[in-house]
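Quick notes on the structure that follows.
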Amino acid sequence: MVDRHAVETLVKAARPSGLVLEPGAGEGMLTMALVQAGAEVVGYEIDPLLVAKLRATTAKTAETKLKIVKGDFTRMRPPSTPFAVVGNIPYSITSQIVDWCLGAPWLTSATLVTQLEYARKRSGDFGRWSLVTVKSWPWFHWELLGRIGRESFRPIPSVDSAILRIERRPEPLVADGGAWQDLVQLGFSGVGGSLYASLSRRYDGVDAAFDRAGVARDEVVAFVHPDQWVALFASLHR
């Protein structure tokens, strides 16, 4: 990402403070913007040439504010204290980075530049909701915060990008995470041909639950809002 305005937009969306991890630090434009915003930054980069360049250009930065680590971000152990992730991440490993973030117990938020289509799918911008988003919804809020045109990158990619923010909720929306995962997995399984049919195979009181949640019996599973899933869960686990 070479557009300074795009970098500023990303930093503003991330609201960085405290410890921030940056996957794919690249040539350091975002890295230094995060440091200048007051964050304590650990930048991860797998390319040894870029690592050497980054370390040379940031050598005068206070050690307490910036650290450059050579290695694969997705293989790193998450910190055991609160931290955020901010990055212009490689499109090819978007899912791996998102999974890593969702599995990190002390993550507070992840503000990521992804392909526009990916961000729209995960944030419900198409009016449809993915399994990944629904499964994590009780713990994380997903939001599309803006688009970044392909002209903001070198080399110029074939698609536009977007800022996707995943923010941990102060308190989970459900108490039993295992039961939630079971419900959502079954609902998305397609068993029986519809969400209503799938849930009716295992749960009692499905009719009343659908009425309370405002979900039609023939509703396509992808069109059920995550908050409606929470309402279904509450009704089926009374």
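Structure above, values below:
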{"read-out": "Kirkwood Rh, Cα atoms: Rg over Rh of the stretch 75-124", "value": "0.97"}
{"read-out": "Total lysine pairs under 21 Å (Cα atoms) in the stretch 49-189, excluding pairs fewer than 8 apart on one chain", "value": "5"}
{"read-out": "Cα-Cα separations in the stretch 1-102 greater than 15 Å, expressed as whole percent", "value": "59 percent"}
{"read-out": "The stretch 154-201 versus the stretch 1-69: alpha-carbon centroid distance in Å", "value": "31 Å"}
{"read-out": "Accessible area of the stretch 1-90 divided out per residue, in Å², using a probe of 1.4 angstrom", "value": "53 Å²"}
{"read-out": "Ranked packing of 19-28, 202-211, most packed first, by mean Cβ within 10 Å", "value": "19-28, 202-211"}
{"read-out": "Order by protection proxy (mean Cβ within 10 Å, highest first), peptides 139-149, 47-57", "value": "139-149, 47-57"}
{"read-out": "Using alpha carbons only: equivalent-ellipsoid semi-axes of the chain, gyration tensor based, whole Å", "value": "39, 18, 14"}
{"read-out": "Whether the stretch 82-164 is rounded, prolate or oblate, judged on the alpha carbon gyration tensor where a/c under 1.5 counts as rounded", "value": "oblate"}
{"read-out": "Degrees separating the helix 177-187 axis from the principal Cα axis of the chain, which is the longest one", "value": "70 degrees"}
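The values are calculated or read from the model by the stated rules, or taken from the named source; none is laboratory data. Source: prediction; values computed, not measured. When we count neighbours, we look across all protein chains shown, and the Cβ atoms used for this are built from the backbone with ideal geometry, even at glycine. To get the accessible areas, we keep the full protein, side chains included, count just its heavy atoms, and leave off ligands, DNA and RNA. Shrake-Rupley method; radii C 1.70, N 1.55, O 1.52, S 1.80 Å.
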